[in-house]
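Have a look at the structure below before the remarks.
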Amino acid sequence: MRKFNIRKVLDGLTAGSSSASQQQQQQQQHPPGNREPEIQETLQSEHFQLCKTVRHGFPYQPSALAFDPVQKILAVGTQTGALRLFGRPGVECYCQHDSGAAVIQLQFLINEGALVSALADDTLHLWNLRQKRPAILHSLKFCRERVTFCHLPFQSKWLYVGTERGNIHIVNVESFTLSGYVIMWNKAIELSSKSHPGPVVHISDNPMDEGKLLIGFESGTVVLWDLKSKKADYRYTYDEAIHSVAWHHEGKQFICSHSDGTLTIWNVRSPAKPVQTITPHGKQLKDGKKPEPCKPILKVEFKTTRSGEPFIILSGGLSYDTVGRRPCLTVMHGKSTAVLEMDYSIVDFLTLCETPYPNDFQEPYAVVVLLEKDLVLIDLAQNGYPIFENPYPLSIHESPVTCCEYFADCPVDLIPALYSVGARQKRQGYSKKEWPINGGNWGLGAQSYSEIIITGHADGSIKFWDASAITLQVLYKLKTSKVFEKSRNKDEKPNTDIVDEDPYAIQIISWCPESRMLCIAGVSAHVIIYRFSKQEVITEVIPMLEVRLLYEISDVETPEGEQAPPLPTPVGSANPQPIPPQSHPSTSSSSSDGLRDNVPCLKVKSSPLKQSPGYQTELVIQLVWVSGEPPQQITSLAVNSSYGLVVFGNCNGIAMVDYLQKAVLLNLGTIELYGSNDPYRREPRSPRKSRQPSGAGLCDISEGAVVPEDRCKSPTSGSSSPHNSDDEQKMNNFIEKAKMSRKLSLPTDLKPDLDIKDNSFSRSRSSSVTSIDKESREAISALHFCETFTRKTDSAPSPCLWVGTTLGTVLVIALNLPPGGEQRLLQPVIVSPSGTILRLKGAILRMAFLDSTGCLVPPAHEPWKEHNVPEEKDEKEKLKKRRPVSVSPSSSQEISENQYAVICSEKQAKVISLPSQNCAYKQNITETSFVLRGDIVSLSNGICLACFCANGHIMTFSLPSLRPLLDVYYLPLTNMRIARTFCFTNNGQALYLVSPTEIQRLTYSQETCENLQEMLGELFTPVETPEAPNRGFFKGLFGGGAQSLDREELFGESSSGKASRSLAQHIPGPGGIEGVKGAASGVVGELARARLALDERGQKLSDLEERTAAMLSSADSFSKHAHEMMLKYKDKKWYQF
């Protein structure tokens, strides 16, 4: 994973001091005498650095699988050249081959901390796993042949590489060079054979004799090759193509799987015909005929047990008449055959065994199955073969992700609360055993704060994830579609759907971590508000509101053809009729001229709803069809627990709802928000009553009162345009286009051919219609509740809502809230536009507020409390409270102190001093591109604005002065998915969906980059290799047991010569210093050390030999000398000495 060289951004154009440049900036922006007080900013450019941290989720488009049975590490390769390594839960690693070619095979150097990958571009790579971020030590590129299969015997350094031409080359894994020893296809097959045997599909050595190599060719020929004599011992031919081959551990039999759904078992010494032919899924015909052919068996494994029958495990092989049947894994054990259905097609599978030695009883205990979109582990030891509960966060894509939000530094009690309600959702029936892939060690969690990621999905589900300390674990899942009636069959599907599929897909999530209030906006123009509760409740009637948001003033002048067709309006009474507020679905489904009118897109359930502990529906709000026009998708959403309000907008206008009183407070077209201050010339489409510019009297709605229609329904009286067939045609085209662009706005499929320069894209990601109308309709693009100064004349902050539009306008709506307690439920909330209007270039993306010291002022919120339990004691206290206390620094400050509004648009950022509304600072973020995501975040005791641009740049700016602190080219916007899912959060964290199944996290904090090495887990841990199986007395006596082979002697340069230079090219890897260090203690080092030890041992042995010889000769001379002495003195008496 590369780190980026950060271009340190100078504060001014010259390298002058920041204060000088700041003064210059201020002089440009303020008339003299209107200086802003200086705020000491702590963040500097050295606090920022950008690097990727971790990647979570299921490897996208997997293609290869490998397992190290000693280290207990699993490796998955993908079609895009990615490599994912999994150890114990929480130990994960992502690496990438630079070429991006598909991984066709992976081979661990078992218990050596290394892995060989074979790619579709005919390269082999040696990865060093003994460092936290694995790196490539060597690569080998085959120039003249295509690589099809690799085999590395256990504890060997010679890798067999089979090719498309049918040849086998041998690679020294230490030096990553080719041996001169080659097995040519024409030597391997019979001389009499007229045809080419096809590519090599299998290579393995006989478990009992390393000198015998079994080679499987695609055409159906299998050859047992004697490596020493360089000739074929036996050739086995079958008339069906071979897909895979597996040995019995005793080396006397092997099994082949074929393209006609058969398995053939062969005795090594009888090549004439197979001992047994099995068609696991073939229908046996009575008259002794061959069973019907089946689909190919793509892979077979043959695993033995000490106490019982062997296991034969295979994928594929189903009969052709099982149309629509799901992919299966078949486990044959003795006479029983279990067929295990999978949700997705099988890419590969491996049997996990107790021993790494191929010549011992295998004792299989589990099968790991890699599916197209899932990883399944089957317990072979339990009856019924249950699956293990997967502890990795691989279910991100269970339904395609349509949006996500990231929250760092959440309240500490949140994760336990979500976990406790999520624990009840767990499925039953899993294996009782521990997850067997448990290698590696966790990193040190240097972060102390909690992080939560929320993902919204195409099926309407929402998942909460614990993302603390660079791990990921699902906490809780909420199904928002539960509140709606589902159509039983296709015919019943109502015509009101504005999307063909995924009508419940989540588009926007607004969440208040402190109060735990959750609000979502869905693709069918619906909004649902949820409260968190630990108690189960049964809701008799789901509270709901229907809102008619109508855009009915003609658009800004635009080039011909760009303007939306005028809406056909029903002919009816010219005077608006007063109607009571709607709390139940209206029955009118079409207007007088036959157009669909006043119906929502989805039908809310009428039966009681059981709501489990967790998030429970408080209110469902739906936009309805208006005179044949479908409701437009919601483009912005905000909820505030302190005020009890939710607000949302689209390209037609804005609606505010009091969710405590279940009443619509505000329902205005975007243009109506401006009142008399509208900067655009717009002509009304239908005659309207005169209205007061202040908007007074718009929102004095109390529950049960009679409400003038223009508050809940905009009047559509009078026919300003004749409704003819031409208009109808335009209308249909318009709706079709809207549908199309809606599908575009959901990132479930990739669109790499997006023209980034086209500014219309900036609209389509947020609003369906505006992508077609370009600038013609003004959509609501940002909403922010806060307690601040609404007008220039205000002396104290008060609750208000700031509204941003796609034309770069910011409007302020004042909120007058009743006292807290019971009064809050009885008196109306008064809502009135304040007349304050601010302008920026480009659509408004984000707003935030700073106090006079430069600290962030969070929106007011209520602390969470259980609302399903009556609290008598607290009732009295509640009544005393005027309003829940806004947890913000501003509440404790003196009234005279000012605030700053920070506003970020697609093109620029402004800091506006309040209440004076002077622009204190301004920064043009981009001229040629546009900002996709802007967030105001806190980082190491400072606040900054972080932006991600469509041209791939990530930038940060100090606040309030908007000094550039970081500008790094990170990644180009290649598809809608990145645009919709990129988000920044506090403490220098960010994420986006890098593929449909994976979340990529990154950091822009220098401190996190420095601590990352410690936080990452370790894949390799020193483990003793198990002892080799005992050969036994009789086997040793009669020459049975495993035969070893001196491969060095056979394949080394001295005996086999050098390989042709043009065959393959060696490329040293970018392992870096750490890689070299790792290598020194890694594979190559281990092997080199072993050789040194052997040399030393040889040296010592020869020394010993010399010494022994010297001792022998000295003993010899001593005995001679002694003999002479004896002869000399033999006749003398003792007293004669």
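The values are calculated or read from the model by the stated rules, or taken from the named source; none is laboratory data. All figures in this text were calculated on a predicted structure; none of them were measured in a lab. Using ideal geometry, Cβ is built from the backbone for each residue, glycine included, and neighbour counts are taken over all protein chains shown. What goes into the accessible areas is simple: the full protein's heavy atoms, side chains included, and nothing from ligands, DNA or RNA. Shrake-Rupley method; radii C 1.70, N 1.55, O 1.52, S 1.80 Å.
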Margin query: Residues that are of a type in the set (Phe, Trp, Tyr), in a strand (DSSP E or B) and more than 26 Å from Ser219 (Cβ to Cβ): does the range 172-184 have at least one?
Written below: no
Next item on the list: Have a look at Glu145, Glu164 and point out the one that is out of contact with any Cys (no Cβ under 9 Å at 6 or more places or on another chain), more than 23 Å from Glu1018 (Cα to Cα), open to solvent by less than 20 Å² (accessible area, probe 1.4 Å) and among the charged types (D, E, K, R).
Entry: Glu145
Next item on the list: State which residue is nearest to Ser1056 (Cα to Cα) when the search covers only the range 182-198 and only residues that are buried (at least 20 other Cβ atoms within 10 Å of the Cβ) and touching a residue at least 40 places away in the same chain (Cβ under 8 Å).
Entry: Ile183
Notebook entry, point to check: Could you count how many residues in the range 93-125 are among the hydrophobic types (A, V, I, L, M, F, W, C) and touching a Phe, Trp or Tyr at 6+ places or on another chain (Cβ under 6 Å)?
Noted result: 2
Notebook entry, point to check: Are any of the residues in the range 222-240 within 47 Å of the chain's Cα centre (by Cα), open to solvent by 40 Å² or more (accessible area, probe 1.4 Å) and at pLDDT 95 or above?
Noted result: no
Notebook entry, point to check: Any chance the range 418-426 includes a residue that's β-branched (Val, Ile, Thr) and either in contact with a His (Cβ under 8 Å, 6 or more places away or on another chain) or crowded, with 22+ Cβ neighbours inside 10 Å (or both)?
Noted result: no
Margin query: Name the residue that is most open to solvent (accessible area, probe 1.4 Å), counting only residues in the range 499-530 that are charged (D, E, K, R) and at negative phi.
Written below: Glu501
Next item on the list: Tell me which residues, restricted to the range 437-463, are surrounded by fewer than 20 Cβ atoms within 10 Å (Cβ to Cβ), out of contact with any Lys or Arg (no Cβ under 7 Å at 6 or more places or on another chain) and part of a loop (DSSP other than H, G, I, E, B).
Entry: Trp442, Leu444, Gly445, Ala446, Gln447, Ser448, Tyr449, Asp459
Checklist line | the range 269-311, residues that are over 17 Å from Ile242 (Cα atoms), surrounded by 16 or more Cβ atoms within 10 Å (Cβ to Cβ) and not hydroxyl-bearing (Ser, Thr, Tyr) | finding: His281, Gly282, Pro291, Glu292, Lys303, Pro310, Phe311
Next item on the list: Please find, within the range 629-675, the residue that is most open to solvent (accessible area, probe 1.4 Å) out of those that are in contact with a Pro (Cβ under 6 Å, 6 or more places away or on another chain) and on the phi > 0 side of the Ramachandran plot.
Entry: Lys662
Next item on the list: Filter the range 312-354 down to the residues that are polar (S, T, N, Q) and either assigned to a loop (DSSP other than H, G, I, E, B) or touching a Gly at 6+ places or on another chain (Cβ under 9 Å) (or both), then identify the one that is most open to solvent (accessible area, probe 1.4 Å).
Entry: Ser345
Notebook entry, point to check: Given the structure, is Ala782 at pLDDT 90 or above, in contact with a strand residue (DSSP E or B) (Cβ under 6 Å, 6 or more places away or on another chain) and surrounded by fewer than 24 Cβ atoms within 10 Å (Cβ to Cβ)?
Noted result: no
Item checked: Candidate set: the range 1021-1034, residues that are more than 10 Å from Pro356 (Cα to Cα) and open to solvent by less than 100 Å² (accessible area, probe 1.4 Å); chosen: the one modelled with the lowest pLDDT -> Gly1032
Notebook entry, point to check: Among the residues of the range 84-134 satisfying the criterion of being among the small types (Gly, Ala, Ser), under 24 Å from Thr53 (Cβ atoms) and surrounded by 22 or more Cβ atoms within 10 Å (Cβ to Cβ), which is farthest from the chain's Cα centre (by Cα)?
Noted result: Gly113
Next item on the list: Report whether or not Leu370 is among the aliphatic types (A, V, I, L, M) and either farther than 23 Å from Tyr615 by Cα or assigned to a loop (DSSP other than H, G, I, E, B) (or both).
Entry: yes
Note to self: Let me spell it out: the conditions are (1) part of a loop (DSSP other than H, G, I, E, B); (2) surrounded by fewer than 20 Cβ atoms within 10 Å (Cβ to Cβ); (3) modelled with pLDDT of 90 or more, and Ala15 meets all of them except one. Which number is the exception?
What the structure shows: (3)
Notebook entry, point to check: List pairs: first in the range 855-870 and within 22 Å of Cys800 (Cβ to Cβ) and of a type in the set (D, E, K, R), second in a loop (DSSP other than H, G, I, E, B) and open to solvent by less than 60 Å² (accessible area, probe 1.4 Å), Cβ under 6 Å, 6+ apart or cross-chain?
Noted result: Glu862/Ser515; Glu862/Ser641; Glu862/Ser642; Glu862/Pro884
Note to self: Filter the range 374-404 down to the residues that are assigned to a strand (DSSP E or B) and out of contact with any helix residue (DSSP H, G or I) (no Cβ under 8 Å at 6 or more places or on another chain) and list them by number.
What the structure shows: Leu375, Val376, Leu377, Ile378, Asp379, Ile387
Next item on the list: Report yes if Leu914 is in contact with a Pro (Cβ under 9 Å, 6 or more places away or on another chain) and modelled with pLDDT under 95, otherwise no.
Entry: yes
Check: If you take the residues of the range 913-922 that are assigned to a strand (DSSP E or B), open to solvent by 10 Å² or more (accessible area, probe 1.4 Å) and not basic (Lys, Arg), which of them is farthest from Lys841 (Cα to Cα)?
Finding: Asn918
Check: Does Tyr357 count as in contact (Cβ under 8 Å) with a residue 60 or more places away in the chain and either closer than 30 Å to Asn111 by Cβ or of a type in the set (Asp, Glu) (or both)?
Finding: yes
Next item on the list: Identify, by number, the condition in (1) at pLDDT below 90; (2) closer than 20 Å to Asn640 by Cβ; (3) hydroxyl-bearing (Ser, Thr, Tyr) that Ser795 doesn't meet.
Entry: (2)
Checklist line | Every residue from the range 614-628 that is hydroxyl-bearing (Ser, Thr, Tyr) and buried (at least 24 other Cβ atoms within 10 Å of the Cβ) | finding: Tyr615
